Amino acid sequence: MDQKQPSTAATMKDVAEKAGVSTATVSRALMNPEKVSAATRLKVEKAVIAVGYAPHGLARNAKRGETQTILVIVPDICDPFFSEIIRGVEVTAAHEGYLVLIGDCAHQNKQEKTFLNLMLTRQIDGMVLLGSQLPFEAGIEDQRNLPPMVMGNEFAPEMALPTVHIDNLTAAFEAVNHLLQLGHRQIACITGPEHIPLSQYRLQGYIQALRRSNIAIDPTMIVHGDFTFEAGANALKQLMSLPQPPKAIFCHSDLMALGAMNQARKLGMRIPQDLSVVGFDDIELAQYYDPPLTTVAQPRFAIGREAMLLLLDELQGKRVNNGSRLLDAELRVRGSTAPAAKREK
C-alpha cells in the first residue's frame, strides 16, 4: 500500500503559517510566482511540501490517476540518446491511458519552478527521471510529499528511488577490453561530466580494464566532456597534442565519439587505421557513420518501458522497493576499431 503520509487537512492557512506569510502571499506565490520575491517563493514552496498542501482541492491521498499525466524529466532533449527511452515510456504509458509531458533539464535553473509547480499542484500523477538529479531541491523527507518518482538510465543510490539501468562499470570494462584485445596500449578516455554517477562508473570500468592489463593510468589520457559533439572534437585536439598521443579512444557517449572521429579526420587521420574509437549508447547515427561506430548498445526502449512499469506499480499502490532493475548492455563491434599497428604492441 502507499506509505505516503495522509495530509488531506492541509490548507492554504497551514502553508501560510509554516512559511510565515499571509494566505494572499501563498496564493500569489503558487499562481503568479513572478509577483513575489525569489526568497518568498522558496519559503512558500518548502512550506507546501512540508505540510502536504494540495491546491485546487486535490486531496493528497486521493485516488491516483486523476490527471492520467506523467512528467518525464530529460537532462537534454537535444541528445538523441534519450529519444528511444522516451518512446519506451510513452508507448507503455499510452497503453495504460496516460499522457506523457516532457521537461528538458538542460536549462533547469530557468524551468525548475515550472516543474515544481506541476508537482505541487497535482497536475501530474508521477515522474520518470532520466538524469541523476531532481529539477528542483527536495530532500529524502520532502520526496514523501511528492507524487511517485522512478529513475530510468541513471543509478544514484543516494536518491533512494526505484531505478532501471545497465551495469555501466562492466559495460565500460568490456569496451576497453575490446581495445586491449586488439593490441592497443595507448588508450585514452573521453568522459561525461564528473558530477554524473554513470560517468564515474564508466571511468572506473576504463581504469579497471587498464589495471587488469598492467597498464599505468596516465591522467593526461583522461579528458572530461559533456556528451556533445563539440566536447568530443575538443578532447581529440587536446589528446593529439600530447607528446605520445593515443592510438585508441574510449568515449562515454556516441556523440562525443562521433565528434572525436570528425576532428581526427580534419587532422588527416584515418579511422580505424590511425585511431580506433569506441562509443557508448548505440544511437541510430552510430551504425550509419563512416566508418560505423563500435559502441556499447544500451536497451534504451526497454529502459523507458521498465521505468514506466515501475511507476505504474507505484501509482497502483504497490510498494516498489528502492532497488534497481538491471538490464543487459552489449558491445557491438563495427568498423571504427582495428588491431593496433605492430609498433604499438
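The values are calculated or read from the model by the stated rules, or taken from the named source; none is laboratory data. Treat the numbers as computed from the prediction; the structure is a model and nothing was measured. Methodologically, a virtual Cβ is constructed for each residue, glycine included, from the backbone with ideal geometry; neighbour enumeration extends over all protein chains shown. Heavy atoms of the whole protein, side chains included, go into the accessibility calculation; ligands, DNA and RNA do not. Shrake-Rupley method; radii C 1.70, N 1.55, O 1.52, S 1.80 Å.
Points to keep in mind about this one:
- Among (1) among the aliphatic types (A, V, I, L, M); (2) open to solvent by less than 20 Å² (accessible area, probe 1.4 Å); (3) over 21 Å from SER132 (Cβ atoms), the one test that LEU146 misses: (3)
- Single unsatisfied condition, ILE70 versus (1) open to solvent by less than 30 Å² (accessible area, probe 1.4 Å); (2) at pLDDT below 80: (2)
- Qualifying residue in the range 320-327 (condition: surrounded by 24 or more Cβ atoms within 10 Å (Cβ to Cβ) and of a type in the set (Ser, Thr, Tyr)): no
- Scan of the range 27-40 for residues that are more than 18 Å from GLN123 (Cβ to Cβ) and crowded, with 16+ Cβ neighbours inside 10 Å, ordered by number: ARG28, VAL36, THR40
- Restricting attention to the range 195-215 and to residues that are open to solvent by 70 Å² or more (accessible area, probe 1.4 Å) and not in a helix (DSSP H, G or I), the residue that is farthest from SER132 (Cα to Cα) turns out to be ASN214.
- Every residue from the range 229-270 that is touching a strand residue (DSSP E or B) at 6+ places or on another chain (Cβ under 6 Å) and not in a helix (DSSP H, G or I): PRO246, ALA248, ILE249, PHE250, CYS251, HIS252, SER253
- The condition of being of a type in the set (Gly, Ala, Ser) and either modelled with pLDDT of 85 or more or in a strand (DSSP E or B) (or both) holds for only one of GLY65, GLY88, that being GLY88.
- Residue list for the range 260-278, filter: without any contact (Cβ under 8 Å) to a residue 40 or more places away in the chain and either surrounded by fewer than 24 Cβ atoms within 10 Å (Cβ to Cβ) or within 18 Å of the chain's Cα centre (by Cα) (or both): ASN262, GLN263, ALA264, ARG265, LYS266, LEU267, GLY268, MET269, ARG270, ASP274
- Test for GLY183: is it within 26 Å of LEU130 (Cβ to Cβ) and modelled with pLDDT of 95 or more: no
- Looking across the range 279-308 at every residue that is in a loop (DSSP other than H, G, I, E, B) and either open to solvent by 10 Å² or more (accessible area, probe 1.4 Å) or of a type in the set (Lys, Arg) (or both), the one that is nearest to GLY225 (Cα to Cα) is identified as ASP282.
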